[in-house]
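Visitor: My questions all concern the structure below.
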Amino acid sequence: MTKIGVFDSGIGGLSVLNEALRQFPGHEYIYLADSANAPYGERPDEWITNRSLKLCTWLIEKQHCEAIVVACNTATAQAIAIIREHFSNTPIIGVEPGIKPAAAISPKKKIGVLATQSTLSSEKFKHLLDSLVGDCQFISQAGVGLVPLIERGDLNDPELEKLITDYVQKVLDFGADTLVLGCTHYPFLIPIINKNFGDQLHLIDTSSAIIQQLGRKAQIEPRKGATEVKLFSTGDSNLILKQTNQLIQALNPTIQINASSIII
Ligand code: DGL
């Protein structure tokens, strides 16, 4: 059994954890949500770097995690290099907007990237765009205001629906046929996007590829036996427990989940 740490600014990384539980049951997962400090996406780069390193240090040194998934595009963009430098013996898996898979499937080669302001203006994202050969055109759309509304846990909030539909409409007005969900909070919005826009856009979420990468780097296999999930939140642990139960126990009711609040 391997102990795997997963962290995000809040509940967004649950979309990644969910995929990990699907591909690699039988392990122990420690999920850390920094909900007291979300959103990260409009904070200064240095703050995000220091905070991400601190959370990762807690997962490795206090919780003894043997592999880490940085389930946050913003934290990956700003901090993965320094985290890897500090913990060179621990597999550290990051997430990044899936522009390569988007380029591979976009019929018109016109792609929208919805991500936080911090991710879109990072050097890492610029390099990612530069590394793409071919003739794709991109429109970058910052999802300002989405994360705090998703963190509240009410996905039926009309304010949230208005905001996401405005952003998606801008991407469609550009002529895009493919939309990259470049923040781990955004897969929660897929039902709203589908409801409002039907099949006008291919949606790209890279959770599955990230977890395949976890399997390779941490050399883990699916195991028989109990899967344990321990949730820690710097915010309201009841809220994260509720979200996780909706998302994860629907998938497999035998998974043992508990949640605690924590100050880091
Ligand atoms: N879920 C995060 C991401 O993937 C962070 C969003 C935020 O806190 O602004 O970028």
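Visitor: Considering only the other residues whose Cβ falls under 13 Å of the Cβ of Asn194, what net charge follows from Lys and Arg at +1 and Asp and Glu at -1?
Guide: -2
Visitor: Additional query: Which residues among region 216-230 fall inside the zone where the amide N is under 16 Å from a point 7 Å beyond the Cα of Met1, along Cα→Cβ?
Guide: 221-230
Visitor: Can you list the HN-Hα couplings for region 215-226, worked out from phi with the Karplus curve (6.51, -1.76, 1.60; θ = phi - 60°), rounded to whole Hz and with x for Gly and Pro?
Guide: Each residue's phi maps through the Karplus curve to give x, 5, 6, 8, 6, 10, 10, x, 10, 7, x, 5 Hz.
Visitor: In addition: So how strong a dipole does region 155-264 carry about its Cα centre when Lys and Arg Cβ are +1 and Asp and Glu Cβ are -1, to the nearest 20 debye?
Guide: It works out to roughly 580 debye.
Visitor: Now for a different question. Karplus couplings for region 9-19 from phi (6.51 cos²θ - 1.76 cosθ + 1.60, θ = phi - 60°), rounded to Hz, Gly and Pro as x?
Guide: Going residue by residue, I get 5, x, 8, x, x, 4, 5, 7, 4, 4, 5 Hz, with x marking Gly and Pro.
Visitor: Now for a separate question. Which loop trypsin sites (Lys or Arg not before Pro) in region 131-188, with loop taken from DSSP, have no more than 16 other Cβ atoms within 10 angstrom of their Cβ?
Guide: Arg152
Visitor: With Cβ to Cβ distances under 13 Å as the rule, what net charge do the other residues near Ile11 carry (K, R +1; D, E -1)? Intermediate results must be reported in sequence, preceding the final value.
Guide: On the way: positive: Arg152, Lys242; negative: Asp8, Asp34, Glu151, Asp154, Asp236.
Net charge in that neighbourhood comes out at -3.
Visitor: Between rounded, prolate and oblate, where does region 147-264 land on the alpha carbon gyration tensor, with a ≥ b ≥ c its root eigenvalues, rounded for a/c under 1.5, else prolate if a/b exceeds b/c? Walk me through the intermediate numbers first.
Guide: Values: a/c = 2.31, a/b = 1.46, b/c = 1.58.
Oblate.
Visitor: Amide H neighbours of Leu231 under 5 Å, at least 5 residues apart or on other chains, H built in the peptide plane: list them.
Guide: Here Tyr31, Asn258, Ala259, Ser260 satisfy the definition.
Visitor: Right, another one. Over 22 Å between Cα atoms, which of Lys54/Lys100; Lys3/Lys217; Lys170/Lys195; Lys62/Lys230; Lys109/Lys217; Lys3/Lys230 qualify?
Guide: Over 22 Å Cα-Cα: Lys54/Lys100; Lys109/Lys217.
Visitor: Right, something else. Which whole-number value in Å² is the accessible area per residue of region 66-133, probe 1.4 Å?
Guide: 42 Å²
Visitor: Taking the Cβ of His185 as the center, what net charge do the other residues with Cβ under 12 Å away carry, scoring Lys and Arg +1 and Asp and Glu -1?
Guide: Numbers: positive: Arg152; negative: Asp8, Glu151, Asp205.
Cβ neighbours under 12 Å give a net charge of -2.
Visitor: Stick to Cα atoms and the Kirkwood definition of Rh, then tell me Rg/Rh for the chain.
Guide: Taking Rh as the inverse mean 1/r over Cα pairs, Rg/Rh reads 0.95.
Visitor: What length, rounded to one decimal in nm, is gained on full extension from Val133 through to Thr165, with 0.36 nm per residue of separation minus their alpha-carbon distance? Don't skip to the answer; put the middle values down first.
Guide: Details: separation 32, 0.36 × 32 = 11.52 nm, distance 3.03 nm.
Extra length available between Val133 and Thr165 comes to 8.5 nm.
Visitor: On to the next question. Report, to the nearest whole %, how much of the accessible area of the chain belongs to carbon and sulfur atoms, 1.4 Å probe, protein only.
Guide: In the chain, the share of accessible area belonging to carbon and sulfur is 49 percent.
Visitor: Would you mind checking which residues have amide H under 5 Å from Ser140's amide H? H placed 1.01 Å from N; only 5 or more apart, or other chain.
Guide: Val113
Visitor: Highest mean first, what order results for 138-151, 91-104 on Cβ atoms within 10 Å?
Guide: Going by the mean number of other Cβ atoms within 10 Å, highest first, we get 91-104, 138-151.
Visitor: Can you give me the C-alpha center-to-center distance between region 212-264 and region 136-207, rounded to a whole angstrom?
Guide: Value for the Cα centre distance between the two parts: 25 Å.
Visitor: Let me ask another. Mind jotting down a quarter of the surface of the convex hull over the alpha carbons of region 122-171, in square nanometres, one decimal?
Guide: Averaged projected area of region 122-171's Cα convex hull equals 4.6 nm².
Visitor: Please work out the ratio of the alpha-carbon Rg of region 52-201 to 2.2 N^0.38 Å and round it to two decimals.
Guide: 1.13
Visitor: How large is Rg over Rh for region 145-200, taking Rg from the Cα atoms and Rh as the Kirkwood inverse mean of 1/r across Cα pairs?
Guide: Result: Rg/Rh = 0.94.
Visitor: Restricting attention to the alpha-carbon atoms of region 33-85, what are Rg (one decimal) and Dmax (integer), both in Å?
Guide: Rg then Dmax for region 33-85, in Å: 10.6, 31.
Visitor: Mind putting together the pair-distance distribution for region 76-155? All Cα pairs, 5 Å bins, whole percent per bin, short to long.
Guide: 3, 12, 20, 19, 17, 15, 10, 4, 0
Visitor: With the cut-off at 1.5 for a/c, could you classify region 13-104 from its C-alpha gyration tensor as rounded, prolate or oblate?
Guide: Verdict is rounded for region 13-104.
Visitor: Charges only on Cβ, +1 for Lys and Arg, -1 for Asp and Glu: so what's the dipole of region 76-188 about the Cα centre, in debye to the nearest 20?
Guide: Around 360 debye, computed over region 76-188.
Visitor: Continuing with this model, one more query. Can you tell me the accessible area per residue over region 136-264, all protein chains present, probe 1.4 angstrom, in square angstrom?
Guide: Each residue of region 136-264 exposes 49 Å² on average to a 1.4 Å probe.
The values are calculated or read from the model by the stated rules, or taken from the named source; none is laboratory data. Small disclaimer: the values here were computed from a predicted structure and weren't measured. FYI the Cβ positions are ideal-geometry reconstructions off the backbone, even for glycines, and counts take in every protein chain you see. Each accessible area value is taken on the protein alone, full model and side chains, heavy atoms only, with ligands, DNA and RNA left out. Shrake-Rupley method; radii C 1.70, N 1.55, O 1.52, S 1.80 Å.
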